[in-house]
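The values are calculated or read from the model by the stated rules, or taken from the named source; none is laboratory data. Computed from a prediction, not measured in an experiment: that's the story for all the values here. FYI the Cβ positions are ideal-geometry reconstructions off the backbone, even for glycines, and counts take in every protein chain you see. Side chains included, ligands, DNA and RNA excluded: accessible areas come from the protein's heavy atoms. Shrake-Rupley method; radii C 1.70, N 1.55, O 1.52, S 1.80 Å.
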Amino acid sequence: MIQVKNLSKHYPDKIALDDISLDFPAEETTAIVGPSGSGKSTLLQALNLLERPNSGLLTIDDLHLDLANPLTNNQILQIRQKTAMVFQEKALFTHLTVLKNLTEGPIKVQKKSKAAAEKKAQELLEQFGMTELKNRYPYQLSGGQQQRVAILRALAMEPKYLLLDEPTSALDPELEAQVLRVLKDLAQKNTSMIIVTHNMSFAEQVADQIVFIDNGSVGYQGPTDGFFHSTETRIKKFLGAMSF
Ligand SMILES: Nc1ncnc2c1ncn2[C@@H]1O[C@H](COP(=O)(O)OP(=O)(O)OP(=O)(O)O)[C@@H](O)[C@H]1O
Ligand SMILES: [Mg+2]
């Protein structure tokens with residue numbers, strides 16, 4: 001489980017996260033939703049310390065960190081080994097083939113042998129029906145294919161927790177559906193995932209729990225059904241604004 005307690009992040013002119021406490025259970029999918037600028041990306045990035053909160057406690061499994069204190073490189077490394085982040089803009093290595101994109105991290109960072117890294121990469125490509133793309137370069141892929149490779153690249157590191165920040169918002173609807181199918185498949189396999197998304201029908205179908213961030217605070221944490229059937233004014237207003 002990933003847990004944050006009393007997490008705060010202040011920018012000079014803005015409180016991005018205001019005393020947030022949340023649980024993200026292992027083997028479940030959490031969708032983080034909320035208005036633009038509410039603090040969703042800041043929260044997600046705080047979970048693997050890409051963004052350093054000013055204060056709060058961060059627990060990942062048996063690792064407990066007090067974020068008000070300086071952290072050691074070893075602590076940061078341990079957090080990064082448990083988590084992998086997929087961004088909105090697919091950030092593949094443009095000079096490497098798909099296969100090499102998937103093996104680069106395991107070989108260079110995790111010191112895996114080339115053979116072991118390639119075996120894992122081939123398995124992933126096969127599992128997601130993308131074997132025929134393995135020798136292509138990113139520019140030879142569609143946007144949806146690139147984003148699926150970005151997800152596989154994160155999975156190649158065998159993280160316990162997969163963090164995704166609006167992984168489909170740069171894609172047109174057909175390509176978005178391809179990527180969402182991959183994520184749905186991972187959710188059904190009990191992958192531990194935390195996904196920031198604007199796609200409410202995806203969140204409703206796939207998430208085990210919803211976290212609603214509103215102006216830097218937690219507006220809801222709980223079962224998906226409870227969120228989509230909430231009678232709370234703020235939630236109803238948000239859901240109303242997300243549909244047309
Ligand atoms: N480096 C920064 N300096 C100052 N303010 C920042 C910085 N980064 C983010 N913010 C502010 O913090 C708040 C939260 O930003 P964040 O990116 O987490 O929002 P978000 O919920 O992910 O929004 P979106 O849905 O548009 O991606 C926003 O008001 C934003 O302007
Ligand atoms: Mg964001």
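When you scan region 164-179, do you find a residue that is open to solvent by less than 30 Å² (accessible area, probe 1.4 Å), modelled with pLDDT of 95 or more and more than 13 Å from ligand 1 (Cβ to nearest atom), even just one?
No: zero hits.
Could you please give the count of residues in region 198-228 that are more than 15 Å from ligand 1 (Cβ to nearest atom), part of a loop (DSSP other than H, G, I, E, B) and open to solvent by less than 20 Å² (accessible area, probe 1.4 Å)?
Summing the residues that are more than 15 Å from ligand 1 (Cβ to nearest atom), part of a loop (DSSP other than H, G, I, E, B) and open to solvent by less than 20 Å² (accessible area, probe 1.4 Å) in region 198-228 gives 1.
Say whether the condition of being touching an Asp or Glu at 6+ places or on another chain (Cβ under 7 Å), more than 18 Å from Leu47 (Cβ to Cβ) and of a type in the set (S, T, N, Q) is met by at least one residue in region 125-148. Quick ask: steps written out before the conclusion?
Narrowing region 125-148 to residues touching an Asp or Glu at 6+ places or on another chain (Cβ under 7 Å): none.
No, there is no match, as no residue in region 125-148 is touching an Asp or Glu at 6+ places or on another chain (Cβ under 7 Å), more than 18 Å from Leu47 (Cβ to Cβ) and of a type in the set (S, T, N, Q).
Does Ala156 satisfy being of a type in the set (Gly, Ala, Ser) and open to solvent by 20 Å² or more (accessible area, probe 1.4 Å)? It would help to see each step written out before you state the result.
Numbers: of a type in the set (Gly, Ala, Ser): yes; open to solvent by 20 Å² or more (accessible area, probe 1.4 Å): no.
No: the conditions fail for Ala156.
What helices (runs of 4 or more DSSP H), lying completely within region 1-114, carry at least 1 residues that are touching a residue at least 24 places away in the same chain (Cβ under 8 Å), open to solvent by 20 Å² or more (accessible area, probe 1.4 Å) and within 16 Å of ligand 1 (Cβ to nearest atom)? Give the steps one after another, and end with the answer.
Details: elements: 40-47, 73-82, 98-108.
So the answer is 40-47.
Under the condition of being part of a helix (DSSP H, G or I) and at pLDDT 95 or above, which residue from region 126-135 is least open to solvent (accessible area, probe 1.4 Å)? Spell out how you get there, then give the answer.
Filtering region 126-135 for residues part of a helix (DSSP H, G or I) gives 126-127, 131-133.
Restricting the remaining residues to those that are at pLDDT 95 or above gives 131-133.
Working: Thr131: 54, Glu132: 131, Leu133: 7 Å².
Ranking the candidates gives Leu133 first.
Residue check: is Ser243 farther than 21 Å from Leu17 by Cβ, free of Cβ contacts under 8 Å to residues at least 12 places away in the same chain and either over 20 Å from the mean Cα position of the chain (by Cα) or open to solvent by less than 80 Å² (accessible area, probe 1.4 Å) (or both)?
For Ser243, the condition - farther than 21 Å from Leu17 by Cβ, free of Cβ contacts under 8 Å to residues at least 12 places away in the same chain and either over 20 Å from the mean Cα position of the chain (by Cα) or open to solvent by less than 80 Å² (accessible area, probe 1.4 Å) (or both) - is not met.
Determine which member of the set Lys100, Lys40, Lys90 is at pLDDT 95 or above and within 16 Å of ligand 2 (Cβ to nearest atom). Steps first, answer last, please.
Details: Lys100 fails: within 16 Å of ligand 2 (Cβ to nearest atom); Lys90 fails: at pLDDT 95 or above.
None of the other options fit; the residue is Lys40.
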